Structures are given as C-alpha cells and as structure tokens.
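Shown next, in structure tokens, is the structure this report addresses.
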Amino acid sequence: MRKMKSYKIYIIIFALLLLWIWLLFYMLNEIIGGITGVIVACIGTLLTCYIVKERIDRRNFMLFLEASKVRLEVLEELIYTCENTLDEIAKKSPVRNTDIQQSVQHFYHKLLRSDLEIVYKYMEYDSIVKVTNKLTSLKELTEKSSFNEVDGTAAVEDIKAVYLILNTNKNSVEEIVKIKMN
C-alpha cells in the first residue's frame, strides 16, 4: 500500500507541473498578443500623426503660395509705380520743380492707397522701418510750399530707396517660392 501512495504523489506533482506549463503557455500567448497589440497601435498612431503632419504642411504650403502670389502682385505694382514715377521725374527735371513735386505727391498718395499692409505682413522689420522713414520724408517733401532742386534730388533718392527695398523683397519672395516648390 505504501507504494501506491508514492505513485499518487508523483502523479499529482506531474499533473500540477503539466497544469503549470499549460497555464504558462496560455498566459505567454496572451502576453505576446498584448505586446503585439500595443506595438501595432503605436505604429498606427505614428502613421496617423505622419499623415496628418503631411496634410498640415501641404495646407500651410498652399496658404504660403497664395499669400506669396498676392504679395508678389502688390510688390510688382508698387515697383511699377516707383519706376513710372522715376521716369516721370527724369522727363520733367528740366521743366519745373512744381511738376516734380506733383509727381512725388502722386507717388506718395498711390503708395498710401496701395496694400502696404500685405507687403508689411511678410517684410522684415528693418525694411518696414526704412520704407516708413522714406514715406515720412516724402510726405514732408510733398507738403513743402517751395520745392527746389535739392528737394527734387532728395525725393528721387527716397523713391529709389523704396524701389530697392521693394525689389529686394520681391526677389526674396521669388527665391523662397522656388525653394519651397522644389
């Protein structure tokens, strides 16, 4: 009888060992499934974030292009105005200073009526300050009661400075657009 008891203990131990191994593999399968699920969820989240980031970047690029188009149109119009005014002054310089003053007044008022806010929105601070200073100088020249040749020369220099600032900004916008397009 004794021998039977000892076999029962071994059978119970063996059964418990098999049960423990079965539970271990069952739980290991569940753990591996959980880890796999977490990894797949992380990859899906990263992929979603990447796609959303690309769409936002594309939208920002389109908004930039649209704003750049408007800005370039305004800059080209202002540059054209500068060129026309300088041409008018060059033709009128042998004539009279009052004609030159009228051309400067026309230029000054056309700049004030234009969409300078659009240009200023994307312009560097130094350029804005320079253009504002030149416009202040032009305003003083247009309000003078006696306009002489020195004033005419100063007005031409101010208009040339505004032209150079606007042209530089136009070239920088075109370069940025070219870089972003590539």
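Per-structure values
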item: Selection from Tyr108, Ile39, Leu24 lying farthest towards where the dipole of the chain points positive, charges on Cβ; result: Leu24
item: Equivalent ellipsoid semi-axes, segment 3-69, via Cα gyration tensor eigenvalues times 5, rooted, Å; result: 64, 4, 4
item: Value of [θ]222 nm, deg cm²/dmol, for the chain, DSSP H segments ≥ 4, -39500 (n - 2.57) each, nearest 500; result: -33000 deg cm²/dmol
item: Cα extents of segment 45-95 along the three principal axes, largest first (Å); result: 74, 10, 5
item: Kyte-Doolittle at least -0.5, axis length at least 18 Å by Cα - qualifying DSSP helices, the chain; result: 2-92, 125-142, 149-181
item: Fraction in percent of alpha-carbon pairs per bin - 10 Å, segment 41-135; result: 14, 30, 22, 14, 10, 6, 3, 1, 0
item: Cα pair distances exceeding 19 angstrom across segment 81-173, given as percent; result: 37 percent
item: Percent of Cα pairs exceeding the 19 Å cut-off, where the set is the chain; result: 72 percent
item: Violating pairs (Cα-Cα greater than 23 angstrom) within the set Lys110/Lys134; Lys69/Lys121; Lys110/Lys178; Lys69/Lys178; Lys121/Lys144; Lys53/Lys121; result: Lys110/Lys178; Lys121/Lys144; Lys53/Lys121
item: Å² per residue, accessible surface of the chain at 1.4 Å; result: 74 Å²
item: Sequence ranges 166-175, 150-159, 56-65, ranked by mean other-Cβ count within 10 angstrom, highest first; result: 150-159, 166-175, 56-65
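The values are calculated or read from the model by the stated rules, or taken from the named source; none is laboratory data. If you're wondering where the values come from, they're calculated on a predicted model, not measured in any experiment. A quick note on method: Cβ atoms are made from the backbone with ideal geometry, for glycine too, and the neighbour counts reach across all protein chains shown. In case anyone asks, the SASA skips ligands and DNA or RNA and just uses the protein heavy atoms, side chains included. Shrake-Rupley method; radii C 1.70, N 1.55, O 1.52, S 1.80 Å.
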